[in-house]
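Student: My structure is below; once you've seen it, I'll send some questions.
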Amino acid sequence: MTDVLLETSLSSFVQSLGGDPASSALNELERRVHEAVVRAFHDGDPAAELELHRFLYEVNAHRLLPPWSEHWRDYGHPVLLAAHRTAQDAWLARDRAALGADLAVPVTAEEFAAWATKTCEGHASGVTHPLFDFLANDATFDQLRSFLSQETPFDIHFGDLVALLLPGVHGELKSELAGNFWDEMGRGRTDVTHRRLRLAMMERVGVPLDGYLTDVDGYWLEELRLANLYFQTAADRRLAPQAVGMLLATELVVPGRIDRQIDGWRRLGLTDPEMHYLREHVTVDVEHAQGWLDHVVVPLARTRPDLLPEIALGVLRRLDAALAVCDRAWNALRPTA
């Protein structure tokens, strides 16, 4: 076991710093992040990458909260944020190298939209992955609950991540984003905001409601990586084109996968009202996918074709991360002989 993993975890170490940490503690944080970056993204050590993604998610999720939240932590120190940026930049550099620094993608709006649709709809992370037949036909209550629980770090923050993209965007792009956000907000009805619907389903099946903030160590590396992708690209304006690609991929891939989860829960006795959260996404995500293509991706492609490789990188990073989640769930949830 590596030295960095013999120490207190990075996320626990950051929690212990407080709002005004000592310089020696900040120096230690910088050292540990640098060592973990080398192990994770140069040496390919998955344990070190898990440490880094726990650290990234710890900071991402808690910085999003307002100070009146019982879970809020003051993670605004410049040295801490610099260490956070170091880890994210190294991760992005690894992904760029793996997927191609200069992606060859179509250069016209219509051709790019067709490429993105074909790439997403034919990807192995979609409904054709064997995981989803398993969830629909064979998974136990506990296995479906585990999958729902594991998806929380991304799902629970989706509305806030869309909101992060709204400032400074205008015209039809803003209208589409605002429409997506309005759906997340239950179209003005507090009782059916997507967050509240998800929490209600989590409570119904026995998933802790605050585990995504209090039990980060319970999540797989693959799930934390997926959630951190969206935090990284939605919060950093340099990477907003990647966020556009990730959200497009989300809307194109998710609906069929959710149908199979509904089949599984229905098989085990959940009623449609108890699955309101899942059922909501079967229809709205199909509408969002077309709207995202027509009012966000195509206009950007027409006005800024130079951004298409970055949008494509967002699509591919999201698809790869989602496939890793599917593979992990497929291997982890099925009983072994």
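The values are calculated or read from the model by the stated rules, or taken from the named source; none is laboratory data. As the structure is a computational prediction, the values presented were derived from the model and not from experiment. What goes into the accessible areas is simple: the full protein's heavy atoms, side chains included, and nothing from ligands, DNA or RNA. Shrake-Rupley method; radii C 1.70, N 1.55, O 1.52, S 1.80 Å.
Student: So, how do all the Cα-to-Cα distances of region 146-288 break down into 5 Å bins, in percent, from 0 on up?
Tutor: Distribution as computed: 2, 9, 18, 23, 22, 16, 7, 3, 1, 0 percent.
Student: Rounded to the nearest percent, how much of the accessible area of the chain (1.4 Å probe, protein heavy atoms only) is carbon and sulfur?
Tutor: 53
Student: Please state, to two decimals, what the Cα-based radius of gyration of region 123-186 comes to when divided by 2.2 N^0.38 Å (N = residues).
Tutor: It is 1.54.
Student: Return the inverse of the average 1/r over all pairs of distinct C-alpha atoms in region 1-126, which is the Kirkwood hydrodynamic radius, in Å to one decimal.
Tutor: Values: mean 1/r = 0.0594 Å⁻¹.
Evaluated on region 1-126, it is 16.8 Å.
Student: For region 240-310, compute Rh as the Kirkwood radius over C-alpha pairs and then the Stokes-Einstein diffusion coefficient at 37 °C and 0.692 mPa s; write the answer in µm²/s, rounded to an integer.
Tutor: Rounded, D is 242 µm²/s.
Student: Just need the Rg to Rh number for the chain, please, alpha carbons only, Kirkwood Rh. Before the final figure, lay out the partial values.
Tutor: Numbers: Rg = 19.8 Å, Rh = 20.8 Å.
Checking Rg against Rh, the ratio lands at 0.95.
Student: Per residue, how large is the accessible surface of region 227-266? Use a 1.4 angstrom probe and give square angstrom. Before the final figure, lay out the partial values.
Tutor: Working: 920 Å² over 40 residues.
I get 23 Å² per residue for this part.
Student: Can you sort 37, 282 by solvent-accessible area, 1.4 Å probe, largest first?
Tutor: Largest to smallest exposure gives the sequence 282, 37.
Student: Here is a follow-up. For region 80-92, what does the Karplus curve 6.51 cos²θ - 1.76 cosθ + 1.60, with θ = phi - 60°, yield as ³J(HN,Hα) per residue in whole Hz, taken in order and with x for Gly and Pro?
Tutor: 4, 5, 5, 5, 4, 5, 4, 5, 5, 5, 5, 5, 4
Student: Moving on to the next point. Given the -39500 (n - 2.57) contribution per DSSP H run of 4+ residues, what per-residue ellipticity at 222 nm results for the chain, rounded to the nearest 500 deg cm²/dmol? Kindly include the intermediate steps, with their values, before the conclusion.
Tutor: On the way: 18 runs with 229 residues, N = 337.
Result for the chain: -21500 deg cm²/dmol, rounded to the nearest 500.
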